[in-house]
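Q: If you scroll down you'll find the structure; I have some questions about it.
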């Protein structure tokens, strides 16, 4: 069950989430941008059997906010359920997302994961850690959940920095988490994330051919984007294993 809300994010009732989606009633969703201690960002692929966005990629981890639950509490709960990590999240902002399948209020958070992730296979089919620059390139060359792509554009604008998105936020996180173990999180097995070179046939991620988006900006990174990535799903890790 979730709280149905209005255009000002005020609660107006309690409804089943499935019904809220079918009737396009506003409700709340909490998501988190997950960084490792080196500032890389977690990207994952949704399983093929899920009803919403099967086989697509996401750089956000999250889900519906429960009845009586705050955005940060829901974000932390989702991290525990989907990644097996227990850590506080930092609330960044919220906005009314019109959504592809249903509108909702989206609460955006950040967290630094200083412990290995153990993904729930029913929620995460594959994962890898990408630098902000690599994520930006991937966003326009692989099949990402549309709402996540829109959130990335907003997040990037709000965290603009010549050294790449998330730099200042990452630095502040490191100060706050200076007492924690600096070992980067590790995946649950080897995998490779392949980006096709411009104009080439290239590779794919976990057997899903990359698609070139018409929304790719003119200044998006170009070049030889093939990167080895350690995660879940193929036979050997790449040279630069991000954990």
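The values are calculated or read from the model by the stated rules, or taken from the named source; none is laboratory data. On a predicted model such as this, the values are computed, not experimentally measured, just so you know. When we count neighbours, we look across all protein chains shown, and the Cβ atoms used for this are built from the backbone with ideal geometry, even at glycine.
Q: List pairs: first in the range 142-170 and on the phi > 0 side of the Ramachandran plot and surrounded by 15 or more Cβ atoms within 10 Å (Cβ to Cβ), second modelled with pLDDT of 85 or more and assigned to a loop (DSSP other than H, G, I, E, B), Cβ under 8 Å, 6+ apart or cross-chain?
A: Correct list of pairs: 164/131; 166/39.
Q: A follow-up question, please. Name every residue in the range 5-36 that is part of a loop (DSSP other than H, G, I, E, B) and farther than 19 Å from residue 136 by Cα, in order of residue number. If you could, list the steps in order and put the result at the bottom.
A: Here is the first cut: in the range 5-36, the residues part of a loop (DSSP other than H, G, I, E, B) are 6-10, 16, 23-27, 36.
If the condition is that a residue be part of a loop (DSSP other than H, G, I, E, B) and farther than 19 Å from residue 136 by Cα, then 6, 7, 8, 9, 10, 16, 23, 24, 25, 26, 27 are the ones that fit.
Q: Give the residue that is nearest to the chain's Cα centre (by Cα), with candidates limited to residues of the range 86-96 that are assigned to a loop (DSSP other than H, G, I, E, B) and in contact (Cβ under 8 Å) with a residue 12 or more places away in the chain.
A: Narrowing the range 86-96 to residues assigned to a loop (DSSP other than H, G, I, E, B): 86-89.
Those left that are additionally in contact (Cβ under 8 Å) with a residue 12 or more places away in the chain: 87-89.
On the way: 87: 16, 88: 16, 89: 14 Å.
Looking at residues that are assigned to a loop (DSSP other than H, G, I, E, B) and in contact (Cβ under 8 Å) with a residue 12 or more places away in the chain, I get 89.
Q: Could you tell me whether the range 46-60 includes any residue that is more than 17 Å from the chain's Cα centre (by Cα) and assigned to a strand (DSSP E or B)?
A: No; the residues of the range 46-60 include none that is more than 17 Å from the chain's Cα centre (by Cα) and assigned to a strand (DSSP E or B).
Residues checked against (1) over 18 Å from residue 98 (Cβ atoms); (2) touching a residue at least 12 places away in the same chain (Cβ under 8 Å); (3) over 14 Å from the mean Cα position of the chain (by Cα):
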site	(1), (2), (3)
5	no, yes, yes
34	yes, yes, no
38	yes, yes, yes
41	yes, yes, no
66	yes, yes, yes
71	yes, yes, yes
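Q: I've got another one for you. Residue under question is residue 19, and the condition is that it be surrounded by fewer than 18 Cβ atoms within 10 Å (Cβ to Cβ), free of Cβ contacts under 8 Å to residues at least 40 places away in the same chain and more than 21 Å from residue 158 (Cα to Cα); does it hold? Full working, then the answer.
A: Working: surrounded by fewer than 18 Cβ atoms within 10 Å (Cβ to Cβ): yes; free of Cβ contacts under 8 Å to residues at least 40 places away in the same chain: yes; more than 21 Å from residue 158 (Cα to Cα): yes.
So residue 19 passes the test.
Residue-wise test of (1) in contact with a strand residue (DSSP E or B) (Cβ under 8 Å, 6 or more places away or on another chain); (2) buried (at least 19 other Cβ atoms within 10 Å of the Cβ); (3) closer than 27 Å to residue 16 by Cα.
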{"site": "99", "(1), (2), (3)": "no, no, yes"}
{"site": "113", "(1), (2), (3)": "yes, yes, no"}
{"site": "120", "(1), (2), (3)": "no, no, yes"}
{"site": "131", "(1), (2), (3)": "yes, no, no"}
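Q: So which residues in the range 29-54 are surrounded by fewer than 23 Cβ atoms within 10 Å (Cβ to Cβ) and over 23 Å from residue 133 (Cα atoms)?
A: Those that are surrounded by fewer than 23 Cβ atoms within 10 Å (Cβ to Cβ) and over 23 Å from residue 133 (Cα atoms): 47, 48, 49, 50, 51, 52, 53, 54.
Q: While we're looking at this one, here's another question. Could you identify the single residue in 80, 75 that is modelled with pLDDT of 95 or more, in a helix (DSSP H, G or I), out of contact with any helix residue (DSSP H, G or I) (no Cβ under 8 Å at 6 or more places or on another chain) and surrounded by 21 or more Cβ atoms within 10 Å (Cβ to Cβ)?
A: Details: 80 fails: surrounded by 21 or more Cβ atoms within 10 Å (Cβ to Cβ).
Going through 80, 75 in turn, just one is modelled with pLDDT of 95 or more, in a helix (DSSP H, G or I), out of contact with any helix residue (DSSP H, G or I) (no Cβ under 8 Å at 6 or more places or on another chain) and surrounded by 21 or more Cβ atoms within 10 Å (Cβ to Cβ): 75.
Q: Which ranges mark the helices (runs of 4 or more DSSP H) fully within the range 97-190 that have 2 or more residues being under 19 Å from residue 45 (Cβ atoms) and either touching a helix residue (DSSP H, G or I) at 6+ places or on another chain (Cβ under 9 Å) or at pLDDT 90 or above (or both)?
A: On the way: elements: 132-139, 146-158, 167-176.
Answer list for the range 97-190: 132-139, 146-158.
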